[in-house]
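Here is the structure we will look at, set down as structure tokens.
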Amino acid sequence: LMLGNRTGKGAVDHFALRVDDLAPHIERLENSGIEYRVSNVPGGELRQLFCLDPAGSGVELNCPQ
């Protein structure tokens, strides 16, 4: 989303995308050695995956359960 060195938090902490399936994204992250975490939204039917892009920006993937 932006070039250059990031210091501190900017106006955009992370961005979110909706995906149909987390499995291929998890596989790609694991094969690349990128840390991530998956959580279920309480009271909802949504799973979320969080990781950082190479520039340190947050990435959120949302998937219906």
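The values are calculated or read from the model by the stated rules, or taken from the named source; none is laboratory data. As the structure is a computational prediction, the values presented were derived from the model and not from experiment. Every residue, glycine among them, receives a Cβ derived from its backbone with ideal geometry; neighbour counts consider all protein chains shown. Heads up: the accessible areas ignore ligands, DNA and RNA and are worked out on the full protein's heavy atoms, side chains in. Shrake-Rupley method; radii C 1.70, N 1.55, O 1.52, S 1.80 Å.
When residues in the range 44-65 are screened for being among the polar types (S, T, N, Q) and more than 17 Å from residue 15 (Cα to Cα), 1 of them pass.
One residue stands out among those in the range 1-20 that are open to solvent by less than 80 Å² (accessible area, probe 1.4 Å) and in contact with a strand residue (DSSP E or B) (Cβ under 7 Å, 6 or more places away or on another chain): the one that is modelled with the lowest pLDDT, which is 13.
Evaluating residue 47 against the criteria (1) surrounded by 14 or more Cβ atoms within 10 Å (Cβ to Cβ); (2) of a type in the set (D, E, K, R); (3) outside any strand (DSSP E or B) leaves one unmet condition, (3). Filtered by the rule that a residue be within 13 Å of the chain's Cα centre (by Cα) and in a strand (DSSP E or B), the range 23-44 gives 36, 37, 38, 39.
Of the residues making up the range 8-22, not one is free of Cβ contacts under 8 Å to residues at least 24 places away in the same chain and in a strand (DSSP E or B). Filtering the range 50-65 to residues that are open to solvent by 40 Å² or more (accessible area, probe 1.4 Å) and in contact with a helix residue (DSSP H, G or I) (Cβ under 9 Å, 6 or more places away or on another chain) leaves nothing.
Please find, within the range 23-43, the residue that is nearest to residue 13 (Cα to Cα) out of those that are touching a residue at least 12 places away in the same chain (Cβ under 8 Å) and surrounded by 11 or more Cβ atoms within 10 Å (Cβ to Cβ). Among those that are touching a residue at least 12 places away in the same chain (Cβ under 8 Å) and surrounded by 11 or more Cβ atoms within 10 Å (Cβ to Cβ), it is 36.
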